Structures are given as C-alpha cells and as structure tokens.
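Before any comments, here is the structure.
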Amino acid sequence: MQYRAVEIADFLEISHLMDRMILSMSYGEAHRFLIGRALVHNPRVLILDEPAGNPDLHALLLLRQTLRTIAKAGTSIILVTHTLPDIIPEIPRVIMMQNGRIWCDGKKEELLTSETITTLLCVPVTIHHKDGYYYATGY
C-alpha cells in the first residue's frame, strides 16, 4: 500500500504533501489528497458528490485538472453537481434529476442547452460552451 500511495501521489503531483498533516493543507491540497486516498485501491469508478464545495479559483482549477487527469487515465467519474463548469470535458454523459427522479439522460452536448436547463431549473438561462466546459448566464 505504501508503494501505491507514493505512485498515486506522483500521479496527482502531490508528493510534497505526503509528510504533512491534512489540517495543515490548503483546501485544494486537502481535496487532492483525499482524492488520492480514494484512488489507492485502483477503483474503476470514482464517485464525487459536489466536489468543488467553496474553493478559491486556484483550488477549483487544480481540482478540475486533477479530475481530467484521472479520467484520461481510464477511471470513470460519476459526478453529482449543480455547477455546470464542474462537468469536465471528459464526461460524455449527463443525467439530470428533478424532484428526486431522473428527468433526462443523454449525451452532454445534446442536453446542456439553454432550453433544457431553463426548463429543468425553471429559470431563464443562456448556456455557453467553451473549451469543453459549459457555463450558464442570465439568471
């Protein structure tokens, strides 16, 4: 397990955190450290519920880069989020829920549209797409 921990730390570029207590880490460092802990057992799927929380912009960028690295390495990611930019380009499928039920399910580029999100949230929005990320404005 020690060898695997070092391997994951190198993979996530967090080797410098290995000797530190988690309480002494920044939000972003602690987040990547905890994701690394989840990867030690080499899971086929990583399930994340609202992973961004309230980080600063730098921590958010590092988190998204980390998730992209994990996805590119072949680990599937199931992501629960209310924040469109958290859906990294490597996630091809979106399942939207409303009132605790699946509302729609399909390809990201087909579902993340102004019309769909406006209908889902009952709030008029305009969806923008740039560099594989989606953003909502107008609310």
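Values quoted throughout were computed directly from the atomic coordinates according to the rules given, and no laboratory measurement underlies them. Everything quoted here is computed from the prediction, not taken from an experiment. Here the Cβ is made from the backbone with ideal geometry for all residues, glycine too, and neighbour counts use every protein chain on show.
Hey, in the GNM for the chain with a 10 angstrom Cα cutoff, which one of A59, A73, A30 fluctuates hardest?
A73
Running Debye on the stretch 57-97 with equal point scatterers at the Cα sites and no solvent, what base-10 log of I(q)/I(0) appears at q = 0.31, 0.34 Å⁻¹?
One equal scatterer on each Cα of the stretch 57-97 leads to -1.23, -1.34.
Give the peptides 95-102, 106-113, 20-27 in descending order of average Cβ contacts within 10 Å, highest first.
Final packing ranking: 106-113, 20-27, 95-102.
What does the C-alpha gyration tensor say about the overall shape of the stretch 92-139? Classify as rounded when a/c is under 1.5, otherwise prolate if a/b is larger than b/c, or oblate.
oblate
Which whole-number value in Å³ per residue fits the convex hull of the alpha carbons of the stretch 1-80?
That works out to 88 Å³ per residue.
Can you check what the net charge comes to around T81, using other residues whose Cβ is under 12 Å from the Cβ of T81 (Lys, Arg +1; Asp, Glu -1)?
Combined, the nearby Lys, Arg, Asp and Glu give -2.
Remind me, relative contact order of the stretch 92-139 in percent, using alpha carbon pairs under 8 angstrom and six or more residues apart?
Relative contact order of the stretch 92-139: 23 percent.
Could you work out the Kirkwood radius for the chain, taking every pair of different alpha carbons, averaging 1/r and inverting it, reported in Å?
For the chain, inverting the mean 1/r across all distinct Cα pairs yields 16.4 Å.
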